[in-house]
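This report refers to the structure that appears directly beneath it.
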Amino acid sequence: MNPNQPPTSILTVLSLDLLIQIIDHLLDPSDRKAVRLVSHAFLRAESLQRRTLNVLRREALVSLLRRYGAIERLDLSLCAGIDDSSLSLAVAGGAAATVRKVRLSRAGAVGWRGLAAIASGCPKLEAVDLSHCVGVGDREAAALAGVPGLKELKLDKCLKVTDVGLAKVAVGCPGLETLGIKWCLEISDVGIELLVKKCRELKDLDVSYLKVTDKSLQAIATLWKLKVFSMVGCNFVTDEGLRYLNNGNNSLREINVSRSHNLTSSGLVPVIEGHKSLEKLEAGYCFYDLEPLFLSKLSGLTYGFRTLKLDGSQISASSLQIIGANCKHLTKIGLSKCGGVTDEGVSELVSSCGDLDTVDLTCCHELTDDSLISIANSCSKLETLLLESCSLITEKGLNLIGTSCSNLQKIDLTDCNITDTALKGLSKCSGLMFLKVGLCPNVSDKGIVYIASSCRKLRELDLYRCIAVGDKGLAALVAGCKEIKKLNLCYCVRITDQGMSHLSHLEELTDIELRGLFRVTSLGITAIAIGCRSLVELDMKHCYSVDDAGFLALAQYSEYLRQMNITNCQISDVALRLLLRNLRYLQDAKLVHLPNVSKQGWDLALRACFDKLKKVKLPSELRYILSPVTIHMLQIRGCRIRWISKPLSRYEVPLQEILMGQKPQPFF
């Protein structure tokens with residue numbers, strides 16, 4: 001071999017099929033990006049193999065669709081500034097011929113022209129998500145009616161869609177299998193009845209919060225293939241409507257009637273009788289009492305019945321005993337804010353349901369360590385335990401949970417007044433990924449050290465108002481839990497710039513809440529901006545000690561920020577304009593009470609980002625001060641402006657007190 005000849009890469013001799021198989025085994029997006037950057041062979045292979053594309057920048061959409069010619073799932077929900085013209089240009093010329101699913105949720109600037117372009121440019125289109133596009137109405141629905149192969153459509157909170165638009169979809173898309181029209185308040189029984197007549201293939205239907213009545217239920221009951229039905233908050237539906245569902249077809253697998261206040265537990269009896277293969281029943285905040293007939297009928301369900309949620313009901317120990325006896329194969333039970341739940345009742349339930357992996361006992365205030373002991377002894381498969389505001393539990397019960405429930409992944413102990421000793425017990429759960437201990441003032445750095453030393457898979461940690469946690473705890477956290485993605489440190493007032501310096505080593509951190517950390521200055525924020533380059537959401541409300549230097553660092557380094565709260569911060573005209581201009585992916589900004597920003601500063605800053613913002617909170621007085629042109633520029637691009645008239649609370653810390661070294665008053 002000639003020593004002067006550069007070595008040949010092994011990648012050049014591997015076939016395209018082998019390269020594609022290698023890429024298939026790279027599950028981490030950062031790993032895929034790395035191989036694309038170092039090898040043209042991998043770049044070529046991925047262009048043929050890639051099926052999913054998430055686009056963040058509008059100007060990159062055209063080139064990406066042409067590079068990846070086999071895309072089937074196109075996600076534009078986070079694409080800043082996406083509108084009709086950019087959509088039309090992107091799908092022209094057959095560039096999206098292979099696309100089957102398009103996600104456009106919260107794309108406020110997309111209208112009927114863009115959707116018509118998608119309908120014609122994506123001949124294989126099967127699924128469209130327009131949820132939370134509040135400007136979408138009947139004309140946009142009519143555009144989608146031009147997609148005869150459409151099987152899945154989400155129109156949740158498309159507030160302008162009426163019966164007319166739904167009728168267009170029903171007639172044009174008879175093969176529809178999944179439809180979400182939650183919060184489409186203009187849709188009535190008339191629209192639902194026509195939908196049912198035309199779309200006989202429906203398997204999944206969500207009519208939550210619609211003003212439909214029993215007439216709609218009568219029609220829906222004729223959908224022989226319906227498996228999943230959600231009618232949350234349908235207050236005009238009564239028990240009579242549910243009786244129509246007892247039609248003997250036994251198709252329903254999941255039903256959610258939560259917050260439908262005209263129902264009783266007896267009304268669910270026909271549903272249970274008519275659908276013996278039911279797997280999931282949600283009826284939270286729906287009725288106060290559980291009738292004996294309802295409880296007894298649960299025994300008629302098959303072994304496949306796994307999930308029962310009765311949040312907000314009155315449930316006695318005897319009722320829980322019956323549920324346990326009749327539903328022995330439950331894996332998930334929801335008893336959040338249920339009155340009457342006692343240690344005895346929990347014991348009766350879990351002793352019969354040994355397969356439980358999720359137990360929600362949020363705000364069951366009477367529970368003590370005895371309940372935790374029962375759960376630990378019976379639920380060896382437990383993965384999720386929610387105990388918010390169960391203030392009578394102690395380290396004794398939690399220590400046993402840590403010892404017996406080795407599969408525990410998520411636990412919520414918010415407002416439980418636990419101590420560091422309790423966290424020591426929980427640290428035995430080495431697979432713990434989500435931990436919430438907010439409003440626990442006795443949790444200190446010592447407790448965080450216990451968790452960090454053993455729970456190295458931790459992804460989310462909530463320390464809201466844990467006032468005894470400081471920089472040392474954060475140092476231990478960073479050393480032990482390098483995969484943390486979400487961190488809530490709001491009002492942990494001991495934390496300083498040193499703590500921010502520690503956190504800057506969390507390369508995978510995407511979401512951090514720093515509200516009320518008045519000891520953190522621009523030095524700390526600069527460290528976060530430089531080190532945490534994956535940051536997507538940032539809450540700095542009440543961070544009074546951060547000045548322009550910190551915000552300019554965010555503008556320079558935090559390029560992926562999509563959501564930001566800088567309410568009550570000391571930012572100037574220039575810094576605000578640069579911040580909003582430079583953050584290319586910013587979509588949601590809360591900008592209330594910025595005392596150093598002038599009228600002209602507001603105008604210039606908002607004009608610098610009008611083409612990407614989807615939501616913005618502004619002080620109400622700006623409505624009459626801002627240029628009408630500026631407001632129009634935002635709204636015409638689909639940005640929702642929320643005008644906030646809330647005055648400064650008398651409990652909020654004045655900047656002058658902090659600068660003078662006075663002891664701050666507590667936040668509320």
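The values are calculated or read from the model by the stated rules, or taken from the named source; none is laboratory data. The structure presented is a predicted model; accordingly, all values stated were derived computationally and were not measured. Cβ sites come from the backbone with ideal geometry, for glycine too, and all protein chains shown count toward neighbours.
Okay, here's what the table says:
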read-out: Residue satisfying condition, being hydrophobic (A, V, I, L, M, F, W, C) and surrounded by fewer than 21 Cβ atoms within 10 Å (Cβ to Cβ), within set ALA468, ALA422, ALA452; value: ALA468
read-out: Selection status of ALA96, over 25 Å from ASP28 (Cβ atoms), surrounded by 19 or more Cβ atoms within 10 Å (Cβ to Cβ) and either without any contact (Cβ under 8 Å) to a residue 12 or more places away in the chain or touching a helix residue (DSSP H, G or I) at 6+ places or on another chain (Cβ under 9 Å) (or both); value: yes
read-out: Flag if GLY334 is on the phi > 0 side of the Ramachandran plot and not hydroxyl-bearing (Ser, Thr, Tyr); value: no
read-out: Residue list for region 229-251, filter: of a type outside the set (Phe, Trp, Tyr) and buried (at least 22 other Cβ atoms within 10 Å of the Cβ); value: MET231, CYS234, VAL237, GLY241, LEU242, LEU245
read-out: Qualifying positions in region 306-323 - closer than 16 Å to LEU268 by Cα, polar (S, T, N, Q) and part of a strand (DSSP E or B); value: THR307
read-out: Hey, SER389 part of a loop (DSSP other than H, G, I, E, B) and more than 25 Å from the chain's Cα centre (by Cα) or not; value: no
read-out: Considering residues of region 413-444 that are in contact with a Leu (Cβ under 8 Å, 6 or more places away or on another chain) and of a type in the set (Gly, Ala, Ser) only, the residue farthest from CYS390 (Cα to Cα); value: GLY431
read-out: Some residue of region 592-609 being basic (Lys, Arg) and surrounded by 20 or more Cβ atoms within 10 Å (Cβ to Cβ); value: no
read-out: Among residues of region 24-75, those that are hydroxyl-bearing (Ser, Thr, Tyr), under 29 Å from the mean Cα position of the chain (by Cα) and at pLDDT below 70, counted; value: 0
read-out: THR414, sole failed condition from (1) in a helix (DSSP H, G or I); (2) surrounded by fewer than 24 Cβ atoms within 10 Å (Cβ to Cβ); value: (1)
read-out: Of all residues in region 217-228 being more than 15 Å from LEU153 (Cα to Cα) and within 30 Å of the chain's Cα centre (by Cα), the one that is surrounded by the fewest Cβ atoms within 10 Å (Cβ to Cβ); value: LYS225
read-out: Matching residues in region 475-487 - criterion: being in contact with a strand residue (DSSP E or B) (Cβ under 9 Å, 6 or more places away or on another chain) and closer than 16 Å to MET500 by Cβ; value: LEU477, ILE484, LEU487
read-out: Subset of region 246-262 (residues that are at pLDDT 95 or above and either out of contact with any strand residue (DSSP E or B) (no Cβ under 9 Å at 6 or more places or on another chain) or part of a loop (DSSP other than H, G, I, E, B) (or both)); value: LEU252, ARG253, VAL257, SER258, ARG259, SER260, HIS261, ASN262
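Okay, residues lined up against (1) in a helix (DSSP H, G or I); (2) surrounded by fewer than 20 Cβ atoms within 10 Å (Cβ to Cβ):
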| residue | (1), (2) |
| --- | --- |
| PHE294 | yes, no |
| GLY304 | no, yes |
| ALA325 | yes, yes |
| ILE333 | no, no |
| LYS337 | no, yes |
| GLY345 | yes, no |
| LEU356 | no, no |
